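Rule-based calculations on the coordinates, nothing more; no lab input. Given the structure is predicted, the values throughout are model-derived calculations rather than measurements. Quick reminder, even Gly has a Cβ in these numbers, built from the backbone with ideal geometry, and neighbours come from all protein chains shown.
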Amino acid sequence: MTTDWTVRAIMRAALPVLLVLTLVEIGSGLVLGSFESDLLRYPTLLVLVPVTIGTAGNLGSVLAARLSTAFHLGTLSFAPDDDLLAGNAVATVVLALTVFPVIGVGAWVLTSLTVGAVLAPGTVLLVAVVSGAALAVVAVVVTAVATYWAYRFELDPDDVVIPVVTNVCDVLGVVVLFVVAQLVL
């Protein structure tokens, strides 16, 4: 892959992706709006929404940066037995399993201090951990696919992968959080 490090080349690669992702974000808002009654009934879920989708996007972004670096160094292969890819994927899921319990407890504490907790702390913790684990897996898959897609189309993964991962995690983060909440509640 030859990389043209000009503003024009970066914009030519990133602009179509960003335009499509703008439409994806509109979808995220529509999905979020469809769960408005649940958010008003359970304020803890309202607190969880931005933190959950932000954390999932951050986990995917960290993984994307690591895979992009490995790609540029020539150490990344997309083979099923690639230890670098598998190790980073496992690290992302493990990190999510350590961060999302803190997010769940924090959301419950914040809600109980401000508006009064409607949901039990165990319920909030379960929703946060299950959502976080599912989103970590989604972030790993989306990041690996987006990085591979960038490789196949000879795009610089630094220009396109992180926007794709964060936007897709925004949309799927809302969906996963509410699917888990519906199953748990």
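Residue 94 to residue 153: FRET efficiency via 1/(1 + (r/R0)^6), r the Cβ-Cβ distance, R0 25 Å, to the nearest 0.05?
Working: r = 31 Å, r/R0 = 1.24.
Using R0 = 25 Å, I get an efficiency of 0.20.
Determine the relative contact order of the chain: mean sequence separation of Cα pairs under 8 Å and six or more apart, normalised by residue count, in whole percent. Before the final figure, lay out each step's value.
On the way: 206 pairs, mean separation 69.4, N = 185.
Reported relative contact order: 38 percent.
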| task | Specify which labelled value, from (i) -0.29, -0.44, -0.78; (ii) -0.57, -0.66, -0.80; (iii) -0.25, -0.39, -0.77, agrees with log10 I(q)/I(0) by the Debye sum over Cα atoms at q = 0.08, 0.10, 0.14 Å⁻¹ derived from the coordinates of the model shown. | result | (i)
| request: Any chance you could run the full-extension gain for residue 22 through residue 120? It's 0.36 nm times the residue separation minus the Cα-Cα distance, nm to one decimal. | output: 31.7 nm
| message | Students often check this: by mean Cβ neighbours within 10 Å, which of 161-171, 99-109, 47-57 ranks highest, and how do the rest follow? | response | 161-171, 47-57, 99-109
| query | If you average 1/r over every pair of different alpha-carbon atoms in the stretch 1-107 and take one over that average, what Kirkwood value in Å do you get? | reply | 17.0 Å
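With an 8 Å cut-off on Cα pairs and a minimum separation of 6 or more residues, tell me the relative contact order of the stretch 99-182 in percent. Please list the in-between numbers first.
Values: 55 pairs, mean separation 25.5, N = 84.
Rounded, it is 30 percent for the stretch 99-182.
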| note | Helix 157-184: inclination vs the chain longest Cα principal axis, degrees, rounded to 10, gives 20 degrees
| message | Quick check: the angle from helix 121-152's long axis to the longest principal axis of the chain, C-alpha only, nearest 10 degrees? | response | 10 degrees
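Can you give the calculated 222 nm mean residue ellipticity of the chain, where each DSSP H run of n ≥ 4 adds -39,500 (n - 2.57) and the sum is split over every residue, rounded to the nearest 500 deg cm²/dmol? Write out the running numbers ahead of the final one.
Values: 6 runs with 157 residues, N = 185.
That comes out to -30000 deg cm²/dmol.
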| Label residue 78 and residue 38 with points 7 Å out from Cα along Cα→Cβ: what is the distance between them in nm? | 3.3 nm
| field | Angle in degrees between helix 43-73 and the longest Cα principal axis of the chain, rounded to the nearest 10 | value | 20 degrees
